[in-house]
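First comes the structure, then the notes that go with it.
The values are calculated or read from the model by the stated rules, or taken from the named source; none is laboratory data. Quantities reported herein were computed from a predicted structural model and do not represent experimental measurements. Because the Cβ atoms are built from the backbone with ideal geometry, glycine has one as well, and the counts that use them run over all protein chains shown.
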């Protein structure tokens with residue numbers, strides 16, 4: 001089983017709005033039941049419709065925070081939202097790094113206060129076609145050829161990406177420089 005790294009934007013959205021939407025939906029259901037018991041069908045229907053809307057929105061936020069993640073599988077990086085998946089081949093990744101979210105998106109997007117100090121995975125991509133990725137992750141995460149996404153465990157995913165990229169960067173049989181410790185102990 002591959003390790004999943006939760007998208008923190010979606011988790012933050014659920015924590016800020018999900019519980020209050022659920023509470024409002026439950027109150028609307030109770031009010032709809034009270035008006036229904038009083039035989040006021042018009043008011044009951046309005047309250048129940050409002051309950052359905054708020055509970056539906058709360059459920060969609062919960063589902064998004066639950067099923068929105070990134071993972072590395074073989075030579076591909078998967079970004080998933082519910083049933084939609086966007087795959088990026090690792091050969092398309094020019095550079096991967098971890099940075100604080102506020103500094104990584106500085107001047108390009110607004111950062112929620114609760115997420116300003118969290119680690120974000122920053123990927124510089126080789127191709128310009130990021131339309132599908134932008135639709136999935138929103139324009140707050142995708143900037144031209146760069147993807148900035150706050151993830152739970154961003155440093156762990158970064159290490160996995162670097163380990164998977166290293167064979168691509170240093171093909172077998174290629175000359176590599178000796179490491180410093182071997183150079184340091186060499187006699188002249």
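Of everything in region 52-63, what is buried (at least 18 other Cβ atoms within 10 Å of the Cβ) and either at pLDDT 95 or above or in the same structural domain as residue 122 (by TED's automatic domain parsing) (or both)? Give them in sequence order. Selection gives 54, 58.
Here residue 79 fulfils each of the conditions (1) surrounded by fewer than 16 Cβ atoms within 10 Å (Cβ to Cβ); (2) in contact (Cβ under 8 Å) with a residue 60 or more places away in the chain apart from (1).
Of the residues 49, 57, 90, 61, which is touching a residue at least 60 places away in the same chain (Cβ under 8 Å) and more than 12 Å from the chain's Cα centre (by Cα)? Break it down stepwise before answering.
Values: 49 fails: touching a residue at least 60 places away in the same chain (Cβ under 8 Å); 57 fails: touching a residue at least 60 places away in the same chain (Cβ under 8 Å); 61 fails: touching a residue at least 60 places away in the same chain (Cβ under 8 Å).
None of the other options fit; the residue is 90.
What do you reckon, is residue 163 at pLDDT 80 or above and more than 26 Å from residue 17 (Cβ to Cβ)? Against the criterion (at pLDDT 80 or above and more than 26 Å from residue 17 (Cβ to Cβ)), residue 163 qualifies. Considering only residues that are under 17 Å from residue 90 (Cα atoms) and assigned to a loop (DSSP other than H, G, I, E, B), which ones fall in region 124-167? Of everything in region 124-167, those that are under 17 Å from residue 90 (Cα atoms) and assigned to a loop (DSSP other than H, G, I, E, B) turn out to be 126, 127, 128, 129, 130, 145. Apart from one condition, residue 38 fits all of (1) within 30 Å of residue 151 (Cα to Cα); (2) exposed (fewer than 14 other Cβ atoms within 10 Å of the Cβ); (3) modelled with pLDDT under 95; the exception is (1). Residue 118 falls short on exactly one of the conditions (1) within 14 Å of the chain's Cα centre (by Cα); (2) at pLDDT 90 or above, and that condition is (2).
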